[in-house]
Amino acid sequence: MQITIELPDHLQLTETDLRTELAIALFQQHRITLGTASQLAELHQIEFQRLIASRGICIHYDVEDLEQDLISLRQDSW
């Protein structure tokens, strides 16, 4: 899916910034898993974990999340 968003120039956000903030927000809302969030942010899972830890965000990760991440990783050849 591709989405185009027009942002004011004064925000000075890069695509990477936007992807990262979206990934964090969706992860915090329990809408995506840790693995999906790290892929959206284009970060290795460990890097994404460090990022959210630096913001005081707890990881919510259970067996179902693990199973979904394994399926996703296999499909994406990670």
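Could you work out how far helix 63-75 tilts from the main Cα principal axis of the chain, as a 0 to 90 degree angle to the nearest 10?
Roughly 70 degrees, rounded to the nearest 10.
Let me have the 222 nm mean residue ellipticity of the chain computed from DSSP H runs of 4+ only, each contributing -39500 (n - 2.57), with the sum over all residues rounded to the nearest 500.
Working: 4 runs with 44 residues, N = 78.
Calculated at 222 nm, the ellipticity per residue is -17000 deg cm²/dmol.
Order 4-10, 43-49 from most to least packed using the mean count of other Cβ atoms within 10 Å. If you can, show how the numbers build up before the last one.
On the way: 4-10: 6.1, 43-49: 15.1.
Taking the mean over residues of other Cβ atoms within 10 Å, the ranking is 43-49, 4-10.
So, with a 1.4 angstrom probe, what is the percent of accessible area on the chain that is carbon and sulfur? Before the final figure, lay out each step's value.
Numbers: 3140 of 5980 Å².
Heavy-atom surface of the chain belonging to carbon and sulfur, 1.4 Å probe: 52 percent.
With an 8 Å Cα cut-off and a minimum separation of 6 or more residues, compute the relative contact order for the chain in percent. Each step should come with its number before you reach the end.
Values: 44 pairs, mean separation 19.5, N = 78.
Result for the chain is 25 percent.
Place a +1 charge on the Cβ of each Lys and Arg in the chain and a -1 charge on the Cβ of each Asp and Glu, then give the dipole magnitude about the Cα centre in debye, rounded to the nearest 20. It would help to have the intermediate numbers written out before the result.
Working: 5 positive and 13 negative charges, 30 e Å.
Once rounded to the nearest 20, the dipole reads 140 debye.
Does anyone have the angle between helix 15-28 and the longest principal axis of the chain? Alpha-carbon axes, 0 to 90°, nearest 10?
50 degrees
Can you pull out the trypsin sites (Lys or Arg not before Pro) in the chain that DSSP calls coil and that have at most 14 other Cβ atoms within 10 Å?
Details: sites: Arg19, Arg31, Arg50, Arg55, Arg74; in loops: Arg31, Arg55.
In loop regions of the chain (DSSP not H, G, I, E or B), the sparsely surrounded trypsin sites (Lys or Arg not before Pro) are Arg31, Arg55.
The values are calculated or read from the model by the stated rules, or taken from the named source; none is laboratory data. All values reported here derive from a predicted model rather than from experimental measurement. Glycine also receives a Cβ, built like all others from the backbone with ideal geometry; neighbour counts cover every protein chain displayed. Please note that ligands, DNA and RNA were not included when accessible areas were found on the heavy atoms of the full protein model with its side chains. Shrake-Rupley method; radii C 1.70, N 1.55, O 1.52, S 1.80 Å.
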